[in-house]
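A single structure is presented below for examination.
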Amino acid sequence: MNDDAATIRGILEKLRSEYANCCPLDVDDPEALITERDIVAEIRERLKAFCRSRGYQVHCEIKPARDSGIGPERMRTLPRVDVVVLRDKNSVSWLAVAKTLQNKYGKGSIQARFSSIPVEFFHTAVEAKIQSDVTDARKDIDNLKKIHESNPSCNCFFVLLNARGRVGDPEQIREYAQLKDIEIIEYASKKERQNI
């Protein structure tokens with residue numbers, strides 16, 4: 001974690017509180033976040049002001065490369081992280097490194113996507129889920145753990161906003177996140193219901 005961890009946590013906790021107020025027992029508000037992309041977009045939007053104030057940038061669907069020596073074959077297999085705050089490091093521009101990595105595909109300037117970025121430039125990584133599928137959640141938590149092992153100063157958060165998932169799954173996910181030492185920001189409806 002880095003010095004901004006508490007600030008990022010506060011931003012994510014505010015989102016969780018608003019979601020909980022909107023969906024105390026189930027999703028009954030048409031303005032509520034109802035998809036994972038809704039959550040990801042909302043997190044990115046809320047992190048923009050923080051990033052601007054510190055000279056960082058926030059992007060979605062970033063692939064965490066261990067280093068800049070990675071080749072295209074390996075880049076294609078990397079998992080995507082929902083939201084990543086990026087920063088330059090030691091006077092090296094993350095964007096310049098991302099462009100160099102992307103150029104390895106050999107598509108030149110027609111390739112506008114810079115998806116693979118070395119983990120050393122990660123300030124914060126956030127994975128988000130709207131449902132409580134334990135298997136998918138564990139994969140995301142494992143990816144966050146690998147990022148944190150490669151870059152211990154990176155804030156890693158798992159956000160679970162779940163008003164309609166299976167009873168009991170959020171507890172399993174929380175326990176797994178704690179086991180992996182990944183911070184979880186979660187809300188699960190307390191409504192008793194049949195497994196969905």
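Which of the helices (runs of 4 or more DSSP H) found entirely inside region 79-185 contain at least 1 residues meeting this: within 30 Å of PRO24 (Cβ to Cβ) and not aliphatic (A, V, I, L, M)?
134-150, 169-179
Considering only residues that are at pLDDT below 95, within 19 Å of ASP136 (Cβ to Cβ) and open to solvent by 30 Å² or more (accessible area, probe 1.4 Å), which ones fall in region 182-196?
Selection gives GLU186, TYR187, ASN195, ILE196.
Sort out which residues of region 20-32 are assigned to a loop (DSSP other than H, G, I, E, B) and open to solvent by less than 30 Å² (accessible area, probe 1.4 Å), and write them in order of number.
Result: CYS23, ASP26, ALA32.
Sticking with this structure for a sec: Where residues in region 146-181 are open to solvent by less than 50 Å² (accessible area, probe 1.4 Å) and in contact with a Lys or Arg (Cβ under 6 Å, 6 or more places away or on another chain), which of them is nearest to VAL85 (Cα to Cα)?
Result: LEU160.
May I pose another question? Within the bounds of region 41-58, is there any residue that is at pLDDT below 90 and either crowded, with 16+ Cβ neighbours inside 10 Å or assigned to a helix (DSSP H, G or I) (or both)?
No.
Same structure again: Please enumerate the residues belonging to region 142-167 that are touching a helix residue (DSSP H, G or I) at 6+ places or on another chain (Cβ under 9 Å), of a type in the set (Gly, Ala, Ser) and closer than 29 Å to SER189 by Cβ.
ALA163
If THR35 passes every condition in (1) touching a Lys or Arg at 6+ places or on another chain (Cβ under 7 Å); (2) open to solvent by 50 Å² or more (accessible area, probe 1.4 Å); (3) among the β-branched types (Val, Ile, Thr) but one, which one does it miss?
It fails just one condition, (1).
The values are calculated or read from the model by the stated rules, or taken from the named source; none is laboratory data. Just so we're clear, the structure is a prediction, and the values are computed from it rather than from any experiment. Here the Cβ is made from the backbone with ideal geometry for all residues, glycine too, and neighbour counts use every protein chain on show. Just the protein is used for accessible areas: all its heavy atoms, side chains included, with ligands, DNA and RNA removed. Shrake-Rupley method; radii C 1.70, N 1.55, O 1.52, S 1.80 Å.
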